[in-house]
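Peer 1: Pasting a structure below so you can have a look.
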């Protein structure tokens, strides 16, 4: 059966690296990264004469949900042409919205596909260090206002998505060290290929 894989977590947990490595280890996969849409988002900030701040009310109101809608629509189109589509994106609100998840599952069911969620679990301090290291403008506000930013980030595993009767609906990918990464990669690929 076809699969839409969402690789999710808070920012700087290593989603992009994990996602790319998973995609490289699977066959017949389309890799999509929501960050590809940032160029469009930056233009919206510029045209609206707004400070570039992906944690702002302006972003939340005028950009965020549209980015998610666009990347999911692209994925739903791609799943018609390939067995696996993998999206690399935080899905921070969506992953905890039962109605959103059920609606996505229904859309996938109509295409003969199902949903797999991979939650990248990483220590908060490891995330902060990765943010510093990657030195991206999208993180400038977050790092400058770390305590305020981190208050609004949920690092808890979305355990409510785990169906005990399904082996691959929610996979936890531990990613705070190289050893954790290696073990998680081996286990994840084994489950996805089963």
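Peer 1: What do you reckon, is residue 190 assigned to a helix (DSSP H, G or I) and modelled with pLDDT of 95 or more?
Peer 2: No: the conditions fail for residue 190.
Peer 1: Within 14 Å of the chain's Cα centre (by Cα) and farther than 22 Å from residue 180 by Cβ: is that true of residue 68 in this structure?
Peer 2: yes
Peer 1: Right, next: Taking residue 27 as the residue in question, decide whether it is farther than 25 Å from residue 173 by Cβ and loosely packed, with under 14 Cβ neighbours inside 10 Å. Before you say what the answer is, go through the steps one by one.
Peer 2: Numbers: farther than 25 Å from residue 173 by Cβ: no; loosely packed, with under 14 Cβ neighbours inside 10 Å: yes.
No.
Peer 1: Here is a follow-up. Just one of (1) outside any helix (DSSP H, G or I); (2) in contact (Cβ under 8 Å) with a residue 60 or more places away in the chain; (3) within 19 Å of residue 192 (Cα to Cα) trips up residue 75, so point out which.
Peer 2: For residue 75, the failing item is (1).
Peer 1: Could you tell me whether the range 18-26 includes any residue that is under 23 Å from residue 109 (Cβ atoms), touching a strand residue (DSSP E or B) at 6+ places or on another chain (Cβ under 9 Å) and part of a strand (DSSP E or B)?
Peer 2: Checked the range 18-26: no residue is under 23 Å from residue 109 (Cβ atoms), touching a strand residue (DSSP E or B) at 6+ places or on another chain (Cβ under 9 Å) and part of a strand (DSSP E or B).
Peer 1: Let me ask you something else. Do we find that residue 8 is at pLDDT below 95, closer than 26 Å to residue 146 by Cβ and in contact with a helix residue (DSSP H, G or I) (Cβ under 9 Å, 6 or more places away or on another chain) in this structure?
Peer 2: no
Peer 1: Moving on to the next point. Run residue 122 past the list (1) surrounded by 18 or more Cβ atoms within 10 Å (Cβ to Cβ); (2) over 18 Å from the mean Cα position of the chain (by Cα) and report the number of the one that doesn't hold.
Peer 2: (2)
Peer 1: Pick from 15, 93, 34, 3: which is surrounded by 18 or more Cβ atoms within 10 Å (Cβ to Cβ) and under 22 Å from residue 151 (Cα atoms)?
Peer 2: Step by step, each of 15, 93, 34, 3 is checked, and only 15 is surrounded by 18 or more Cβ atoms within 10 Å (Cβ to Cβ) and under 22 Å from residue 151 (Cα atoms).
Peer 1: Turning to a different aspect of this structure: Take the range 156-179 and flag every residue that is out of contact with any helix residue (DSSP H, G or I) (no Cβ under 6 Å at 6 or more places or on another chain) and within 10 Å of residue 121 (Cα to Cα).
Peer 2: Of everything in the range 156-179, those that are out of contact with any helix residue (DSSP H, G or I) (no Cβ under 6 Å at 6 or more places or on another chain) and within 10 Å of residue 121 (Cα to Cα) turn out to be 156, 157, 172.
Peer 1: Look through the range 56-71, keep the residues that are surrounded by 17 or more Cβ atoms within 10 Å (Cβ to Cβ) and in contact with a helix residue (DSSP H, G or I) (Cβ under 7 Å, 6 or more places away or on another chain), and return whichever of them is nearest to residue 93 (Cα to Cα).
Peer 2: 68
The values are calculated or read from the model by the stated rules, or taken from the named source; none is laboratory data. Model, not experiment: these values are computed from the prediction. A quick note on method: Cβ atoms are made from the backbone with ideal geometry, for glycine too, and the neighbour counts reach across all protein chains shown.
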